Protein chains: 2
Amino acid sequence: MVAATASLDTLCINSIRMLAVDAINKSNSGHPGLPMGCAPMGYALWDKFLRHNPKNPKWFNRDRFVLSAGHGCMLVYALLHLTGYESVSIEDIKQFRQWGSKTPGHPETFETPGVEVTTGPLGAGISNAVGLAIAEAHLAAKFNKPDASIVDHYTYVVMGDGCNQEGISSEACSLAGHLKLGKLIALYDDNRITIDGRTDVSFTEDVLKRYEAYGWHVQHVQDGDTDCDSIEKAIEIAKSVKDQPSIIKVSTTIGYGSPNKSDTAGVHGAPLGAEETELTRQKLGWTYEAFEVPDEVYNHFRQAVQRGSDLESSWNQDLAKYKNKYPKEAAEFERMVRGELPQGWDKDLPSYTSLDKGLASRKHSQICLGSLGPHLPELIGGSADLTHSNYTDIKGETGSFQAHSPEKRYLHFGVREHAMAAILNGIAYHNSGLIPYGGTFLVFADYMRGSMRLSALSELGVIYVLTHDSIGVGEDGPTHQPIETIPSLRAIPNMLVFRPGDGNETSGAYKIAIKNRNRPSALCLSRQGMANQANSSIDKVSLGGYVLEDCEGTPELILIGTGTELDLCVQAAKTLTEEGHKVRVVSMPCIELFEEQAESYKEEVLPSNIRKRMVVEAAESFGWHKYIGLDGDSVTMSRFGASAPGGTCMKQFGFTVENVISKSKKLLS
Amino acid sequence: MVAATASLDTLCINSIRMLAVDAINKSNSGHPGLPMGCAPMGYALWDKFLRHNPKNPKWFNRDRFVLSAGHGCMLVYALLHLTGYESVSIEDIKQFRQWGSKTPGHPETFETPGVEVTTGPLGAGISNAVGLAIAEAHLAAKFNKPDASIVDHYTYVVMGDGCNQEGISSEACSLAGHLKLGKLIALYDDNRITIDGRTDVSFTEDVLKRYEAYGWHVQHVQDGDTDCDSIEKAIEIAKSVKDQPSIIKVSTTIGYGSPNKSDTAGVHGAPLGAEETELTRQKLGWTYEAFEVPDEVYNHFRQAVQRGSDLESSWNQDLAKYKNKYPKEAAEFERMVRGELPQGWDKDLPSYTSLDKGLASRKHSQICLGSLGPHLPELIGGSADLTHSNYTDIKGETGSFQAHSPEKRYLHFGVREHAMAAILNGIAYHNSGLIPYGGTFLVFADYMRGSMRLSALSELGVIYVLTHDSIGVGEDGPTHQPIETIPSLRAIPNMLVFRPGDGNETSGAYKIAIKNRNRPSALCLSRQGMANQANSSIDKVSLGGYVLEDCEGTPELILIGTGTELDLCVQAAKTLTEEGHKVRVVSMPCIELFEEQAESYKEEVLPSNIRKRMVVEAAESFGWHKYIGLDGDSVTMSRFGASAPGGTCMKQFGFTVENVISKSKKLLS
């Protein structure tokens, strides 16, 4: 019986390998090396440990599985297919990497139910997994009771050498160790091959020792190619370690089974081809057709369906008991999981009149967070070590998410911007209603841009609080003064970039950001104060741009402003009007939302026959010509800033009412 | 005598502290905590070890000093001033953080001679230092002879907790360990405070153990506040370790000397203020006026001037001997240090006719590197583990820069994009004529954008080889397909972004990139093939944009194309011309260079009265309205891509001759 079981295990493992080989051959594109090498750990994990329900990929309490080495996506597609997910049929596998298929070249959550995290950019997946584990720990601490537990799952990761070389994973794993995230378990596919060849050309550090330094529990499985027992034992041990995240280095052979290509970079990212596939079949003793899966393999893998159904039923019973005992908490839990915002969540968002004292928009942001906090228990976030500069704290709350206090919702990310963004993504990927936000200086959006892009691509409602948004930063100088950062964020598809011009617009930006659970928002906020406008509007922020001040009749000139420069437009317009000009001021806090409005509205705000238009924004003009065209002008930046008091910088670079008036007159003449 | 020396040492150290306190008080802005805490290690290093010549900050063989924790810049300004650099007078220190001063809020190479590296963005400085150490090791291996050595210096770094949290430093230091850069010595200011408070809120890893895992030599000085002897001994030991980089953790008290603010986050980034300054004076026994430096301190520190002069003289003698014995090598060394390119360096850059087989521009790039390599020994670079995708190899060369072969010029950076960019910057900062280049996929420019920005800000002639430049990437899908990356690079000031449209334009881009030693170039190159154009030109790339195909008389329509889409414009124009339209095709390989041309030339290429203009580029249209205005149109991307064969993607997203013709006709009608 033992031999028979072993043989079935091997058949199962080889099914994963050969599905990968066949799919990649058929598409003539893809990465067979990882799925062939990681098939044993994938099998061990999914068959013996992973608590999931193939018939309900969204079952809340499932274990999360992240393939951080996303290029090995055929491993996931094979496992999803074999364990019975409807999202990946054998036909889908035959459509690997084809237009419109469920099996794209890297795992994408928005294409394939069952894929928990969009991966491909290396190091991001393990960092997202830290976010998933934080979400689980937080919700467990928040909702579970001594006599009733409804949140309880592991987060498993398969990562490769590439993931371990990327700095983002160093940041995230250092924080995971600090936070003692015991239910995070990473399997490190140590195959000693990267694209440039053997890892010894660039990567000879002692990885496990590094993880030990982070505070992780570490293990090493010497033979990950055939020794499934050891993999299983290691996962058992990792599960039993509750106060440390775990990494299991599993030494494998990339492309295991391919007689001529295994253990070479050649099998990393290219199809085996017909001849080598034949040799691989022989080597593995694989007698089946391409895309054929033996019945006994299906029968075995698909026990996952019954197991999953039982798991979910059992959890549903737990939930029912919980609801009975803790109806209030259960209602909140279920509301969050449904992704519903609570009644009146925005009722304390402040509004302002022009008589209210002008504040920095980072300060307005802090007031918004303070007003939202009590009504939105799902709001969770923090700062990359700039809490008292970004003002990302939630007024009235004390303490932070730590190993001993995971119920707290303030996160000290440390000086780790890239990990912060990836962790925020991970919290969003958890799909439990949590609304993640994180702050840093706007200029350091560059440090986390890789993961900000993934927020947008993967449709995650992360809120980025980006303060110190221009040369107004002042003395810290050009390394800290964003010039091109706002335009470069606006260039990212599916991201809302706000630059609110006063208190009302900051409230409006938050209102929209909170509601947008399927795309990220970047709030670009000032260090320095700005006046509150008489005609600004919380609600009109949703239009992206609107007429803030208008003249009688047809304007001769339209001034378009954002953020701290909006008031320059208003002041300049006032003087120009007094001098007899007809000037309109358009506030444009969010270009993306303006673009989404009906053509008629856009035409109303910016009539196409009015060509004398000027934008005023303390950033690169890049992107603004869409509105000012060939005939307009701008008061913007065309070089890096300088170290001097903020007011001096603004003046030296031309951000004065006088200069706006003077350039306006040139345009009008 | 021992007591007297100790007292003078203390006086010297306190001079650094109080200059920082006074300057920051006067500017009412800055970071006193670090210079007060690091004054002892700064003093020990600069007074006892640093080989430099204050009267010639550019002396080639000087040790390099990098303040990675750039916010502590008053440490450097104080040391530059005290040791006699003319760039930082006491008046300059009084102008700390003011408009036009030599003492900006973070160290900037382009403002202050003696500052080796522009720092502020955390983690970047230590990573630049790895580049400096690589440059030194390479040049030493290349030029030094058993009987004559002309390249021989250390690279010293002061880094903080923030630097150690940033992933970029993890990447760079892992590589430094792999490369066994024995002449890199980092002093880690372990003050256990970051902006959010004590490091124990987010950073409790065992830093030294991590560095041990990287292969570094590690030491710990327990009392960095007063125990200068131990600091000196540790540096001595570090210098003696030749086959490992060294890190010395120096435990200090942030803001040492301030009775109420030391050891708190409050002293990190805010002036002490009058009252606390008075208390600090008392505590330190400092009896001098603000900005007053005791004569004995000047006398002691300024021995550096004579030492430096002697060091340079002695080196000049070594160089003279070397020239005598090795005139050919000496000539090359001196040429490189002068920053001169060799005669005929570009003579083998290939040119093409339309009859030549079309290739991917990444392939053209490989041919360019192969043609430049033999003539430009100063060309040094590699890839972030994508050598055979980026084609960054230099044809005919074998081997790579490794611990045992630093004379080689190919760098395997590993999967470490951010460190790659910082290391390339470091090589450029070395100012020894080396021309650094590095490759990755264009979409992963996001991972290294923080350091790309610093290339531009700090005026470094780094060449970025960014392949796989559009949805043409194909099957790897949207995580790997740049959409917004090209526009977002174009938004960076002082960076040349090239997207060559064929072989000639690729040669032209290299020709300009090599010559531009004071600004970076980003080459955006295709994965897929493209035709060679009949009228493309190597030389016209320097104009940024030029008329590639023209009609008789005044054009009705101008098509603007780049990269793989240029040929779509040419083909569409051909058909439209046959149908009787007057169409001009403008190739625009580099917007930044086009912007630099005379208005008359720009008007010639894009006459302002011709408003029917269409841009064709497989990227976001963001930024192109500067040329197409309100009346033009574009065939561009407005969403993320998809996983499918590249040709399918191109077709599905409208990048076909037919679609260009169809949209052109709409514009013409």
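The values are calculated or read from the model by the stated rules, or taken from the named source; none is laboratory data. Since this is a predicted model, take the numbers as computed values, not measurements. Here the Cβ positions follow ideal geometry from the backbone for every residue, glycine too, while neighbour counts run over all protein chains shown. Accessible surface is based on the protein model in full, side chains and every heavy atom, while ligands, DNA and RNA are left aside. Shrake-Rupley method; radii C 1.70, N 1.55, O 1.52, S 1.80 Å.
The amide H of A:T118, built 1.01 Å from its N in the peptide plane, has A:T109 as neighbours under 5 Å, considering only residues 5 or more places off or on other chains. Think of the axis that spins chain A onto B; the A residue whose C-beta lies nearest it, and the distance in whole Å, is A:G167, 1. Of all aspartates and glutamates in the structure, those lying under 14 Å Cα to Cα from B:K602, and not within fewer than 8 positions of it along the same chain, are B:E592. Rounded to the nearest 500, the helix-only mean residue ellipticity at 222 nm of chain A stands at -12000 deg cm²/dmol, with each DSSP H run of n ≥ 4 adding -39,500 (n - 2.57).
For the range B:184-322, what's the relative contact order in percent, using C-alpha pairs closer than 8 Å and at least 6 residues apart? Display every interim value, and only then the final one.
On the way: 144 pairs, mean separation 33.8, N = 139.
Across the range B:184-322, relative contact order equals 24 percent.
Rounded, prolate or oblate for the range A:541-668? Axes are the square roots of the Cα gyration tensor eigenvalues, ordered a ≥ b ≥ c, and the cut-off for rounded is a/c under 1.5. Verdict is oblate for the range A:541-668. Each other copy holds its own label point for B:K58; taking that point as 7 Å from Cα along Cα to Cβ, the gaps run 6.5 nm, nearest first. If you plug the beta carbon distance of A:N260 and A:Q222 into 1/(1 + (r/R0)^6) with R0 = 30 Å, you get a FRET efficiency near 0.80.
Each residue of the range A:146-161 was assigned a 3J(HN,Hα) from its phi angle through the Karplus expression (A = 6.51, B = -1.76, C = 1.60, θ = phi - 60°), giving x, 10, 7, 10, 10, 10, 6, 9, 9, 10, 10, 9, 10, 10, x, 4 Hz with x at Gly and Pro.
Show me the ranking of peptides A:554-564, A:417-427 by mean Cβ neighbours inside 10 Å, starting with the highest. Before the final figure, lay out the partial values.
Values: A:554-564: 24.4, A:417-427: 32.5.
Result, highest mean first: A:417-427, A:554-564.
Summarising the label geometry, the points placed 7 Å from Cα in the beta-carbon direction at B:D318 and B:E552 lie 7.2 nm from one another. Solvent-accessible area of B:D310, all protein chains in place: 80 Å² (probe radius 1.4 Å, heavy atoms, ligands and nucleic acids excluded). Placing a label point 7 Å from the Cα of B:N56 along the Cα-to-Cβ direction, the residues of the range B:68-95 whose backbone N falls under 17 Å from that point are B:84-87.
For A:E459 and A:D310, the difference between the fully extended length at 0.36 nm per residue and the C-alpha to C-alpha distance is 50.5 nm.
Listed by chain and number, the aspartates and glutamates whose C-alpha is less than 16 Å from the C-alpha of B:K283, apart from same-chain residues fewer than 8 away, are B:D22, B:D225, B:D263, B:E275. Full extension of the chain between B:S638 and B:A270 yields a length gain of 128.0 nm, computed as 0.36 nm times the residue separation minus the alpha carbon distance.
For a label point 7 angstrom out from the Cα of A:E579 toward its Cβ, which stretches of the range A:629-669 have the backbone nitrogen within less than 19 Å? What the label zone holds, given the 19 Å backbone N cut-off, is A:632-636, A:654-669. Which of rounded, prolate, oblate describes the range B:490-564, given a ≥ b ≥ c as roots of the alpha-carbon gyration tensor eigenvalues and a/c under 1.5 marking rounded, otherwise prolate only if a/b is larger than b/c? Judged from the Cα gyration tensor, the range B:490-564 comes out prolate (a/c at least 1.5, a/b above b/c).
Just tell me how shielded A:466-479 is by partners: mean number of partner chain Cβ atoms within 10 Å of each residue's Cβ, no decimals.
Details: counts 0, 0, 0, 0, 0, 0, 0, 1, 3, 12, 11, 12, 13, 17.
Going residue by residue through A:466-479 and averaging, the value is 5.
Ranking of A:M650, A:M637 by solvent-accessible surface, largest first: A:M650, A:M637 (1.4 Å probe, protein heavy atoms only, all chains present). For the range B:254-371, a crude dipole built from +1 on the beta carbon of Lys and Arg and -1 on the beta carbon of Asp and Glu, taken about the Cα centre, is about 860 debye to the nearest 20.
Based on Cβ point charges of +1 for Lys and Arg and -1 for Asp and Glu, what charge dipole magnitude is obtained for the protein assembly as shown about its Cα centre, in debye rounded to the nearest 20? Write out the running numbers ahead of the final one.
Values: 130 positive and 164 negative charges, 95 e Å.
So the dipole magnitude of the protein assembly as shown works out to roughly 460 debye.
Modelled spin labels at B:N28 and A:Q282, positioned 7 Å past Cα toward Cβ, are 8.4 nm from each other.
Compute the FRET efficiency between B:A331 and B:E86 as 1/(1 + (r/R0)^6), taking r as their Cβ-Cβ distance and R0 = 35 Å, and round to the nearest 0.05.
Numbers: r = 31 Å, r/R0 = 0.89.
E(calc), rounded to 0.05, equals 0.65.
For the residue pairs A:K145/A:K408; B:K540/B:K665; A:K142/A:K180; B:K242/B:K323; B:K363/B:K574, the alpha carbons lie more than 24 Å apart in B:K540/B:K665; B:K242/B:K323; B:K363/B:K574. Averaging the sequence gap over all C-alpha pairs within less than 8 Å and six or more residues apart, then dividing by the number of residues, gives the range B:359-530 a relative contact order of 27 percent.
Normalising by the residue count of chain B, find the relative contact order in percent from Cα pairs under 8 Å and 6+ residues apart.
Values: 1492 pairs, mean separation 78.1, N = 669.
Once normalised by length, the contact order is 12 percent.
Using the Cβ-Cβ distance between B:K395 and A:L355 with R0 set to 45 Å, the FRET efficiency from 1/(1 + (r/R0)^6) comes to roughly 0.05. Position B:E407: other-copy label points at 6.8 nm, ordered by increasing distance, label point 7 Å along Cα→C-beta.
Taking amide H as placed 1.01 Å from N in the peptide plane, the amide H of A:A522 sits under 5 Å from that of A:Y464, A:L496, A:V497, A:F498, each at least 5 places away or on another chain.
The alpha carbon gyration tensor of the range B:63-170 gives principal lengths a ≥ b ≥ c with a/c of 1.5 or higher and a/b no greater than b/c, which makes the shape oblate.
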